[in-house]
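The values are calculated or read from the model by the stated rules, or taken from the named source; none is laboratory data. Not measured: the values here are computed from a predicted model. Cβ: placed from backbone, ideal geometry, glycine included. Neighbour counts: every protein chain shown.
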Amino acid sequence: MTTPRLPPAGDPAPNTAPAWADAWRNAAAPEPSAELEARLMAAFDARRDAGRAASTEASRIEVRERRIGPTRPPRWALAFAASAALAAVLVPAFAPAPDTEGVAATPTSADGHAPPASVGDTAADDARIEALVAIDRALLVYREQAAVDGIEAAGETALWQARASVLPAAGADDATRFAPIDPIAL
Amino acid sequence: MDGGSAIDDTTLLAAARAGDRGAFAALYRRHAAAVHGLALRVLGDRSAAEDVVQDVFLRALDHVALLRDGDRLAGWLKRSAANACIDLIRRRKPQADPETLDRLVDENADPFDAERLPALLDGLAPATRALLWLFVVEGWTHPELAERFGRSESWSKSIISRALRQLRARLPEEPDA
C-alpha cells in the first residue's frame, strides 16, 4: 500500500494528507460478498474453458497445416471464374471466320495458338492482352493451388483453351506481346 | 496448488493463468478485501465495487507477464481498481460540486470516527469522494489524479483543498493543526 503523505509538523498546507488518514485507512470496510467469489470463479472457469477450446482448435489447425500446408481460400477458383467470364465475353469478338480453324475445334496444348482473329485492331489487341493477363494469372494461381489441394487438371485445360481462344496468330511481335506473363511478376 | 500463504503471488498468478483454479482462488482470498475496500470507499456502491473487483482480478491474469515481482501484485490490483473506479465515475455523469461536505461538517461529522466514515463519504459527490480517498488514503498525487480524471491539477487541488479545509475545521485535536 502506498504510504500517504502526512503533513509536516506545523504545516497547515491544505493539500497534504491529514494525520487522521490512518483512521480512514484502518476503518474496517465490509468484506466482499460470497457471491462475488462464486461469480469470479465461474468467470475464471469460463475463461479457462474458452482458452482450452481455442488452444485445441489452434492445435488442430497447426496439425493440418503441418500435413498439407497453410489453409488458403481457393483463389484459383475465383481467378478461374473471373478469367472464364472475361473470356466468354471476349472470345466471340475474336472468333475466327467460319472457314478458319476455330478455337473451339482446336483445344490447344500449353503453348498452342488459335487462328488469328481481328489482329491489328488496337482496341481488340488491348482487350486480348487484358484477357490473357487474367487467364495467365488464373493459370498460375491454379497451378499453385493444385499442388496444395490436389485438384483435378480439368480446370487447367479449360484455362488453356480459353487462352488459345483469345490468342491471335503468332507473329514476331505478337509472340512477345501475348507471351504468358512472368510468374515472378505476379 | 493449495494456495497457501507461503506461495508467492508470482507463482500463484502463473499457476492461475495456466488454469489452476485453486491458485486463482488463493490470490482472490489474499487480496480481495483490500481491493474491494478501496473500490467500495471510492464508489460507495457495493454492486459497482464488486464488478470492479471481478474485472480487476480477471485482468490480472492477462498482466502476469508484466508483473516481474510478485510483491507488486497487491499494488497493481489496487491501482487498477482505482483506475476502474475513476473511469466509472467519469462515465456516469458530470461531476457535481462538492457542496454536500459543508452540510456533513455542519452536522458535526467527525472524520476520526471510523463509524461515521461511510456516512461522511456517502454524502460526497462521486468525484470528490474519489479524489479525497485516493489522495488522503492511497497517496495519489495531484498530477496523477488530474491525468486520470482528465482534468487539471488545479481542479484536483481545489476540490481536495476545500474538502480538507472543511474537515480540518472540525478537528481541533489534530496534532498538526
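Applying a threshold of 8 Å to beta carbon distances and a minimum spacing of six or more residues, or different chains, the list of pairs starting in the stretch A:24-39 at a residue that is free of Cβ contacts under 8 Å to residues at least 12 places away in the same chain and over 14 Å from B:VAL42 (Cα atoms) and ending at one that is of a type in the set (Phe, Trp, Tyr) and surrounded by 10 or more Cβ atoms within 10 Å (Cβ to Cβ) reads A:GLU37/B:TYR28. Checking the stretch A:49-60 against the condition returns no match, with no residue being assigned to a loop (DSSP other than H, G, I, E, B), surrounded by fewer than 12 Cβ atoms within 10 Å (Cβ to Cβ) and at pLDDT below 80.
Scanning the stretch A:27-41 for residues that are within 7 Å of another protein chain (Cβ to nearest Cβ) and outside any loop (DSSP other than H, G, I, E, B) turns up A:LEU36, A:GLU37, A:ARG39, A:LEU40, A:MET41. The residue that is surrounded by the most Cβ atoms within 10 Å (Cβ to Cβ), counting only those in the stretch B:7-32 that are more than 11 Å from B:ALA60 (Cβ to Cβ) and acidic (Asp, Glu), is B:ASP20. Scanning the stretch B:89-109 finds one or more residues that are in contact with a helix residue (DSSP H, G or I) (Cβ under 9 Å, 6 or more places away or on another chain), at pLDDT below 85 and within 13 Å of another protein chain (Cβ to nearest Cβ).
A quick yes/no check of all residues on (1) within 24 Å of A:ALA29 (Cα to Cα); (2) away from chain A (no Cβ under 12 Å); (3) not basic (Lys, Arg):
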residue: B:LEU131; (1), (2), (3): yes, no, yes
residue: B:VAL136; (1), (2), (3): yes, no, yes
residue: B:GLY139; (1), (2), (3): yes, no, yes
residue: B:GLU144; (1), (2), (3): no, no, yes
residue: B:PHE149; (1), (2), (3): no, yes, yes
residue: B:GLU153; (1), (2), (3): no, no, yes
residue: B:ILE159; (1), (2), (3): no, no, yes
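Please work out if B:ARG46 is at pLDDT 90 or above and not aliphatic (A, V, I, L, M). Here the answer is yes, as B:ARG46 does meet what is asked.
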